[in-house]
Amino acid sequence: MEMIPVLTIQDVAEIDDSLATYLEQSEASLAIVIDKGGNILSQHGDLDVGDAVIVAALAAGSFAATKELARRIGEQEFSALYNQGATSHIFMQAVDEETILVTVFGGNTTIGLVRFYSTRASQQLAATMRNIRTRPKDTGFAFDANAVMQAGSLFKR
Amino acid sequence: MAIINYSSREIQFKIVYYGPALCGKTSNLIYIHQQVNRENKGDLVSLATAADRTLFFDFLPLNAAAIQGFKARFQLYTVPGQVMYNATRQLVLRSTDGIVFVADSQWDKMEENVESFRNLQENLAKQNTSLDQIPYVLQYNKRDMDNVAPRHYLEYLFNNRRVRMPSFEAVATTGKGVFPALNTIGRILLYKLSSQNGLKNQTPAPARQPAPSLA
């Protein structure tokens, strides 16, 4: 499957719209859409629940590891993973081959509700991702190579 | 593959530090995390054993200098170097934009270095890509040890492909060669993005339509 090279403002708005509806229905705290490399495509909800960048990287790693586990027992993959904590929980659902929907929720909702609405949201997101990936690749985006060279040291110490 | 997000004005890159066990991949990230200022880094996450051997990966998110209004975000990963974790290395290599190959310069580690470099190429091939397509730099680490191979020998072993890549001598625990390697792979990725998308002075593409109201 093609990777996502470019997310336009409209793409992110469509994804955010799906996530906002999903969070309202499921009463979850945070929803993050990531690719299987661990990159965040969009996020919505209470960002204080944790560093989304690190959650995304760990979720992608966890999903990838369990996919391998699934293969070893004859499954193609586990399409959903649920990790239960004392007060906060994480539910991860595969949207398509390259995208995962990560949901963080607490005691004010239930895994059943989250799972139900996550399936719906995943279907909407899958359609959005399909449109993004099959779009012609001419983005019009360009870096000026001189700007890269003149940037100096990339990382500030 | 790098992701360009017009909404947040960000470009995200994934860089993987690859190499044999105990060559200094994690030491690179530890030094980088210590040196980068607080506003431009996240937490360093290490999934390791009790003996501090990387079990799954290390992860460090960094923000780099903004270029043409776009923030460049780099996500640094290390792979576990031990031979038995090859399946895990394949997982971490997914969607990699750039690689820093870290070799242990000591003579008695040379066989492991060569095997790790070969393993990298095999794992990339399984993902239908190769070192011809993914930018990389070479870091010859542990130059402070007593019994190290000369640089030209390491170049002969690892930098003998059709296109020679930037290489750096390093002592990762003290920081020598760490930021030069990181800055170089970062610049290569940014430059590659400009070349790939046409080296013209174009303004970034606007949204295809005005963003719909979320109310």
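If you go through the range A:64-79 one residue at a time, do you hit one that is outside any loop (DSSP other than H, G, I, E, B) and in contact (Cβ under 8 Å) with a residue 60 or more places away in the chain? Within the range A:64-79 (the criterion being outside any loop (DSSP other than H, G, I, E, B) and in contact (Cβ under 8 Å) with a residue 60 or more places away in the chain), the answer is no, since none of the residues qualifies. Would you check if there is a residue in the range B:144-155 being of a type outside the set (S, T, Y) and either within 14 Å of another protein chain (Cβ to nearest Cβ) or touching a residue at least 60 places away in the same chain (Cβ under 8 Å) (or both)? No: zero hits. The residues in the range B:1-31 that are free of Cβ contacts under 8 Å to residues at least 12 places away in the same chain and β-branched (V, I, T) can be counted, and the count is 1.
Looking across the range B:70-100, the residues that are buried (at least 19 other Cβ atoms within 10 Å of the Cβ) and in a strand (DSSP E or B) come down to B:F70, B:A72, B:R73, B:F74, B:Q75, B:L76, B:Y77, B:T78, B:G98, B:I99, B:V100.
When only residues in the range B:177-207 that are closer than 19 Å to B:Y6 by Cβ and under 14 Å from the mean Cα position of the chain (by Cα) count, which is modelled with the lowest pLDDT? Per the stated criteria, the residue is B:L190. From the list A:L101, A:L113, A:L81, A:L41, the one residue that fits, being in contact with a helix residue (DSSP H, G or I) (Cβ under 8 Å, 6 or more places away or on another chain) and within 12 Å of chain B (Cβ to nearest Cβ), is A:L41.
If the condition is being in a loop (DSSP other than H, G, I, E, B) and within 24 Å of B:Y31 (Cα to Cα), then the range B:150-182 contributes B:M165, B:P166, B:A170, B:A172, B:T173, B:T174, B:G175, B:G177. Here B:R9 meets the list (1) under 26 Å from B:V171 (Cβ atoms); (2) among the charged types (D, E, K, R); (3) surrounded by fewer than 24 Cβ atoms within 10 Å (Cβ to Cβ) almost entirely, failing just condition (1). Kindly provide the set of residues from the range B:101-145 that are touching an Asp or Glu at 6+ places or on another chain (Cβ under 9 Å), aromatic (F, W, Y) and in a helix (DSSP H, G or I), ordered by number. Answer for the range B:101-145, where residues must be touching an Asp or Glu at 6+ places or on another chain (Cβ under 9 Å), aromatic (F, W, Y) and in a helix (DSSP H, G or I): there is none. Among the residues of the range B:3-40 satisfying the criterion of being more than 9 Å from chain A (Cβ to nearest Cβ) and assigned to a loop (DSSP other than H, G, I, E, B), which is farthest from the chain's Cα centre (by Cα)? Filtering the range B:3-40 for residues that are more than 9 Å from chain A (Cβ to nearest Cβ) and assigned to a loop (DSSP other than H, G, I, E, B), the one farthest from the chain's Cα centre (by Cα) comes out as B:R9. The residues of the range B:41-69 that are in a loop (DSSP other than H, G, I, E, B) and over 17 Å from B:I4 (Cβ atoms), listed by number, are B:G42, B:D43, B:L44, B:T49, B:A50, B:A51, B:D52, B:R53.
Considering the conditions (1) more than 14 Å from the chain's Cα centre (by Cα); (2) modelled with pLDDT of 95 or more, B:N128 is excluded by exactly one of them, (2). How about the range B:46-68: which of its residues are at the interface with chain A (Cβ under 10 Å from one of its Cβ atoms), surrounded by fewer than 21 Cβ atoms within 10 Å (Cβ to Cβ) and without any contact (Cβ under 8 Å) to a residue 24 or more places away in the chain? B:L47, B:A65, B:A66 - these are the residues of the range B:46-68 that are at the interface with chain A (Cβ under 10 Å from one of its Cβ atoms), surrounded by fewer than 21 Cβ atoms within 10 Å (Cβ to Cβ) and without any contact (Cβ under 8 Å) to a residue 24 or more places away in the chain. Conditions first: (1) surrounded by fewer than 23 Cβ atoms within 10 Å (Cβ to Cβ); (2) in a helix (DSSP H, G or I); (3) at pLDDT below 95. A:A60 passes all but one, so which condition is the exception? A:A60 satisfies every listed condition except (1).
Of the residues in the range A:124-157, how many are among the β-branched types (V, I, T), at pLDDT 65 or above and either more than 30 Å from B:L29 (Cβ to Cβ) or in a loop (DSSP other than H, G, I, E, B) (or both)? Of the residues in that region, 3 qualify.
The values are calculated or read from the model by the stated rules, or taken from the named source; none is laboratory data. All figures in this text were calculated on a predicted structure; none of them were measured in a lab. Quick reminder, even Gly has a Cβ in these numbers, built from the backbone with ideal geometry, and neighbours come from all protein chains shown.
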